[in-house]
């Protein structure tokens, strides 16, 4: 749960920051959180879902751009999402790839999200 919160906070803090790099977990946790909240809001009141999606348009584009930067690609490849199926598959494939090790032309490697380990009850 902490990973999701940290990823969402990071993406919202970098609201319109299209420079730099985003690690895979940061991007995908943000996408998952946005999808789930948007789905719930659309079921409750479609207007709320629409406003939520509109409010997160720029942070989503910024996070996508930073994620593509981490794989060594330009953020300007995001308009490929406008091409049905082929564009979607390409973008999902590229954003699911591991990031470049070390620095690349878009900056230093992103800090990984802190992984928390689950502790069984009574084993603290």
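The values are calculated or read from the model by the stated rules, or taken from the named source; none is laboratory data. Just so we're clear, the structure is a prediction, and the values are computed from it rather than from any experiment. We place every Cβ from the backbone using ideal geometry, glycine too, and count neighbours over all the protein chains shown.
Would you be able to tell me the number of residues in the stretch 72-89 that are assigned to a loop (DSSP other than H, G, I, E, B) and under 15 Å from residue 60 (Cβ atoms)? Please lay out each step first, then the result.
Filtering the stretch 72-89 down to residues assigned to a loop (DSSP other than H, G, I, E, B) leaves 72-74, 83-85.
From what's left, under 15 Å from residue 60 (Cβ atoms): none.
Here the count works out to 0.
Can we say residue 87 is within 16 Å of residue 11 (Cβ to Cβ), modelled with pLDDT of 95 or more and out of contact with any strand residue (DSSP E or B) (no Cβ under 9 Å at 6 or more places or on another chain)? When the stated conditions are applied, residue 87 does not pass them. Among the residues of the stretch 18-67, those that are assigned to a loop (DSSP other than H, G, I, E, B) and in contact (Cβ under 8 Å) with a residue 60 or more places away in the chain comprise 19, 20, 21, 22, 23. If you go through the stretch 7-62 and pick out every residue that is touching a strand residue (DSSP E or B) at 6+ places or on another chain (Cβ under 9 Å) and surrounded by 13 or more Cβ atoms within 10 Å (Cβ to Cβ), you end up with 2.
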